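Asker: Mind having a look at this structure? Questions to follow.
The values are calculated or read from the model by the stated rules, or taken from the named source; none is laboratory data. Only a predicted model underlies this, so the values are computations on that prediction, with no experimental measurement involved. Note that we place each Cβ from the backbone using ideal geometry, even for glycine, and neighbour counts take in every protein chain shown. The protein model used for the area step is the full one, side chains on, heavy atoms only, and it has no ligands, DNA or RNA in it. Shrake-Rupley method; radii C 1.70, N 1.55, O 1.52, S 1.80 Å.
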Amino acid sequence: MNDESSRVVIGMDPHKRSVTIEVMTADETVRGGGRYATDEAGFAAMRRYVSQFPHRVWAIEGCSGIGHHVAVRLLAAGEEVVDVPPKLSARARVFSTGQGRKTDATDAHSVALVGTRMAGLRPVVNDEQLAVLRLLVDRRRSLGEEHTRKTSQLHQLLLELIPGGAKRDLSAAQAKALLAKIRPRDVVGKTRRRVAAELVADLERIYARKKEANRELTELVKDTGTTLLDLHGIGPTGAARLLVEVGDITRFPNKAHFASWNGTAPIDASSGDQTRHRLSRKGNRQINRVLHTMARVQLRNPTEGGPTTTARRLTGKRPWKPCGA
């Protein structure tokens, strides 16, 4: 029996403290499975169980999220791991069960089905450089989200302290200057002003952290040797996100597959004699957002050659056309 015929896919539905696995052959025959704890004893028991299948690959749902901790441990143990996007396993679950009802066992079965049927799943690699980039770019995103949340809270307080509120693009320094002119007399107004001042101080700290995070990301992205930062509209955060999410670009046979994966390829919505295409809402939304931001920047600040065709299409400035049209 050759390696391909004896190879199995181990589909895994991961959680923080437990994982559920299902072992499936190439012809989609279920060979076994089980539920294991993620502590040292449970992890060792799981590896002992799968040792009966020497030719194996692990298909884990959400290796960039909840499945990351167990994927890293398997890689360290010399195992082969591929990432199964949650959307793919959700579709497989609906098609295989006829409904979307979720259990850990059905989730593991759906992940195993995707791992068996789908080609081009992203292999998870133990790349320290990409691991560091992922940690820092996720941290940078959380800082941006925190900045947005606190800015919204500050605007709400300023609206109650100043008739008409403050301008939309308000910096911490500008907010501090506005608060210096406000002298409320009642207890509620004084409390609002104090809370607003605390938010301004928080925003100043977040801004300093964002600036340092951008500097560190820029250095790390340059160290990879990529030329992404040369593209107009791509900053250090966007470049790092592209590198982290794409991984090995050779897993995409051509640019059409890559466009379909990131959701920038148009979807054929023709019917009868009417030929038309519509915007895709699928694909990797984080990469899609980076490309969309780049397109918008190029449109607002055209380079020497003017806005690119890609930028216009991504932002809907011109209707999509099929290739060759």
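Asker: Show that you can apply the helix-only estimate: for the chain, add -39,500 (n - 2.57) for every DSSP H stretch of four or more residues, divide by all residues, and state [θ] at 222 nm to the nearest 500.
Answerer: Mean residue ellipticity, 222 nm, calculated: -17000 deg cm²/dmol.
Asker: Also: Starting from the Cα-Cα distance between GLN156 and GLU28, subtract it from 0.36 nm times their residue separation and give me the gain in nm to one decimal.
Answerer: Result for the pair: 40.5 nm of gain on full extension.
Asker: Given 0.36 nm per residue, what is the gain on full extension from ASP169 to ARG91 after removing their alpha carbon distance, in nm?
Answerer: 23.9 nm
Asker: Can you give the % of DSSP beta bridges in the chain that are antiparallel, to the nearest 5?
Answerer: 70
Asker: Report, to the nearest 10°, how far helix 128-161 tilts away from the longest principal axis of the Cα atoms in the chain, using its own Cα long axis and a range of 0 to 90°.
Answerer: 40
Asker: In Å³ and rounded to a whole number, note down the convex hull volume per residue for the Cα atoms of the range 156-273.
Answerer: Output value, Cα hull per residue: 205 Å³.
Asker: Now for a separate question. Give the residue from LEU88, SER171, SER142 lying farthest towards the positive end of the charge dipole for the chain; charges sit on Cβ (+1 for Lys and Arg, -1 for Asp and Glu) and the dipole is referred to the Cα centre.
Answerer: SER171
Asker: So if I place +1 on the C-beta of Lys and Arg and -1 on the C-beta of Asp and Glu, and nothing else carries charge, what would the dipole magnitude of the range 126-251 be about its Cα centre? I want it in debye, nearest 20.
Answerer: 1000
Asker: Let me ask you something else. With no solvent and one equal point scatterer per Cα, compute the Debye intensity ratio I(q)/I(0) for the range 217-260 at 0.19, 0.24 Å⁻¹ and report its log10, rounded to two decimals.
Answerer: -0.62, -0.88
Asker: Then there is this: Leaving ligands, DNA and RNA out of it, work out the accessible area of LEU299 with a 1.4 Å probe and give it in Å² to the nearest 10.
Answerer: My reading of the accessible area for LEU299 is about 40 Å².
Asker: Cross-link partners among aspartates and glutamates for LYS222, C-alpha distance below 12 Å, same-chain residues fewer than 8 apart left out?
Answerer: Hits, sequence-local ones excluded: ASP230.
Asker: From the Cα trace of the range 1-151, what convex hull volume per residue do you get, rounded to a whole Å³?
Answerer: 135
Asker: Looking at the range 2-122 only, what percent of DSSP beta bridges run antiparallel? Nearest 5 please.
Answerer: 60
Asker: Another one. Ranking request for peptides 59-66, 110-117, 163-170, 85-92: highest mean number of other beta-carbon atoms within 10 Å first, then the rest in descending order.
Answerer: Highest to lowest by the protection proxy: 110-117, 59-66, 85-92, 163-170.
Asker: Here is a further query. Take the Cα atoms of the chain, find their three principal axes, and give me the spread along each one in whole Å, biggest first.
Answerer: 82, 58, 44
Asker: Pulled fully out, how much extra length does the chain show between ALA256 and SER142, if you take 0.36 nm times their separation in residues and subtract their Cα-Cα distance?
Answerer: 37.9 nm
Asker: Once amide H atoms are placed 1.01 Å from N in the peptide plane, what residues at a sequence separation of 5 or more from ALA265, or on another chain, have their amide H within under 5 Å of its amide H?
Answerer: Close amide H contacts, sequence-distant or interchain: SER260.
Asker: In addition: Where does each of PHE43, PHE258 land when they are ordered by accessible area, with a 1.4 Å probe and the largest first?
Answerer: The ranking, largest first, comes out as PHE258, PHE43.
Asker: May I ask for the distance between the Cα centers of the range 1-75 and the range 157-223, given as a whole number of Å?
Answerer: If we compute the Cα centre of each part, the gap is 48 Å.
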